[in-house]
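Report on the structure given below.
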Amino acid sequence: MKPRLRTLADLHIPWMREYGGRHEYDGVIQDLSPQGVASALAALPQGVMPAQTYDEALLRTHEHAAHVYYGEIGMHRRNPLDHLLNLDLSCYARHYAPEAERAAARKAHLRQWPEACDAAITALDALSAPVAQALLGSFEGLTAGLHPDDAADAKALAAHERLMKHLRHSARHGEPSGHLGTGTLATLVGASEALDIDLSALEAKAAIERARMQALLEQSCEQYRPGEPIATVVNALNKDHPNAQDVLTQAQELTKAVLEWTKHSGLVPYADGKCLVEQAPAARRTGAAMISWAAPDEDDAAAIFFITPPENTWPVTEQEQWLEQFSATTLPVICVHEVAPGHFSHSRALRRATSPERRLLPGHVFIEGWAHYAEELALEEGFGSHDPRFGIGVALEALLRITRLRCAIGVHSGALSHDAAQSMFMHDAYLSRAAATSETHRAVFDPTYGRYTMGKIAIRELRARAQTRWGDTFSLARFHHALLELGSPPLGLMDTILD
């Protein structure tokens, strides 16, 4: 890599290793100690200067965002999520290299746990109680598969317990609010998107989008069960879900279907590659589903679409509520989002991006916004057209993401309590109490999880501008090809495609 890109990559090692395919980082843990972060930031250029090319603008946006994230805001001091990703061993599960090679990298990674755990304890001096509480379970899951009778594992387990002690103490005695504040939240989001963010304007756009998606829900429910109240229809549909043992099988069947439909639709530039469906490892069960794709800078291999069934130790009622996320209404939409034409399709385009900056630098709002945009795109272009439940699912998933945006702003401004946020998810997004609780916890440790709706709105707005600018030469295939050629662009740089 070019020196400036390498300096940025050193600040994002977990991402570069797994989602960039830079396997020189295998077995390497990022130095997230205060001294390590300060040293890495000192090597980056300061400020955002004018750029002559898109790739240069992309590089400078990410350099500025790193200064804001680690320097100005100090998220590695406030939030253990970066440290969780830094320790996570499940990145070596995907078959990107021979098993022996991956096992050796995993072992080297594990040997660095003591140093990394102690660095996390030192760094996390501004950890609030709600953030610590929300991530305790995920940190506990990091040790799955480790054995205390193995010497290396025993050292890692001892270091992990030191970190857990610190997290538990923060969960009991840390600052009680966990609020970033509206100014900090706007700065955090805006820096990575090359935009000045007005949260009030963003809330207004979210309100318009909510009304649009509520109308889609009402229309689809009326088509499915005329005359019945929406809540009654949604509640009945939520109960139509597979059991914990059958979730993977149904996800595998739907994954095959969305891949085949996307290939024949011509909506995205590339429809090759292989995607497996597997149960999520313990450290990756903070959400219902996620994908680990074949990364741009590695040999091609199968992506893994991870599904998180409920734990069999949970009460039966909580297991049932969790499974509602995989209902026959919503699971097809999740597969479109995670696989095709969503994340998996995006990953296939990243492998063909024309510069290392485009292949490797992640615009997280675009990444999630594209996959969320793909859900409604599939509905518009006829996937599931024979079954109004797909339209219901698209609307419900959109209402969930819109509520995330509203909840993130409300929680981090201090305007929304935990109970009020939970009620919002149950009322506005039609979630069960268990799912609403999980979403509310996520708002605390993932303050930018409104990125789904933010990205989708921006892509749809850009599509409208492209239709006007390109006129008769506009097509969805042309628009998507031009957009995905940018890699994972910051929203403020997407208009590049118009010229």
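Can you tell me how the range 192-498 classifies by the Cα gyration tensor, rounded, prolate or oblate, using a/c under 1.5 as the rounded cut? Rounded. Couplings 3J(HN,Hα) for the range 472-478, derived from phi with the Karplus relation 6.51 cos²θ - 1.76 cosθ + 1.60 (θ = phi - 60°), are 5, 8, 6, 8, 4, 4, 5 Hz, where x marks Gly and Pro. Secondary structure note: in the chain, about 45% of the DSSP beta bridges are antiparallel. Quick check: from the Cα gyration tensor, does the range 346-411 come out rounded (a/c under 1.5), prolate or oblate? The shape class here is oblate. With Cα atoms defining each centre, the range 181-221 and the range 455-499 are spaced 19 Å apart in the structure.
Evaluated over the Cα positions of the range 288-430, the convex hull gives a direction-averaged projected area, one quarter of its surface, of 11.0 nm². Please list log₁₀ I(q)/I(0) at q = 0.13 Å⁻¹ for the range 1-112, using the Debye equation with identical point scatterers on the alpha-carbon positions. Ignoring solvent entirely, the Cα scatterers give -0.54. When each of F445, F366 is scored by the number of other beta-carbon atoms lying within 10 Å, the sequence from fewest to most is F445, F366. Label-to-label distance for D149 and M290 is 3.2 nm, based on points extended 7 Å past Cα in the beta-carbon direction.
Put in order of Cβ neighbour count within 10 Å, fewest first, the listed residues W322, W370 become W322, W370. Take the range 39-101, compute every pairwise Cα distance, and split them into 10 Å bins from 0; I just need the percent in each bin. For the range 39-101, the binned pair fractions read 18, 31, 27, 22, 2 percent. Backbone geometry of the range 352-363 corresponds, through the Karplus equation with coefficients 6.51, -1.76 and 1.60 at θ = phi - 60°, to 3J(HN,Hα) couplings of 9, 4, 8, 9, x, 4, 5, 6, 10, 7, x, x Hz, x marking Gly and Pro. Near the amide H of V277, within less than 5 Å, lie the amide hydrogens of F305, all on another chain or at least 5 residues away, with H placed in the peptide plane.
Quick note: the coordinates plus some simple rules give every number you see, no bench work behind them. Not measured: the values here are computed from a predicted model. A quick note on method: Cβ atoms are made from the backbone with ideal geometry, for glycine too, and the neighbour counts reach across all protein chains shown.
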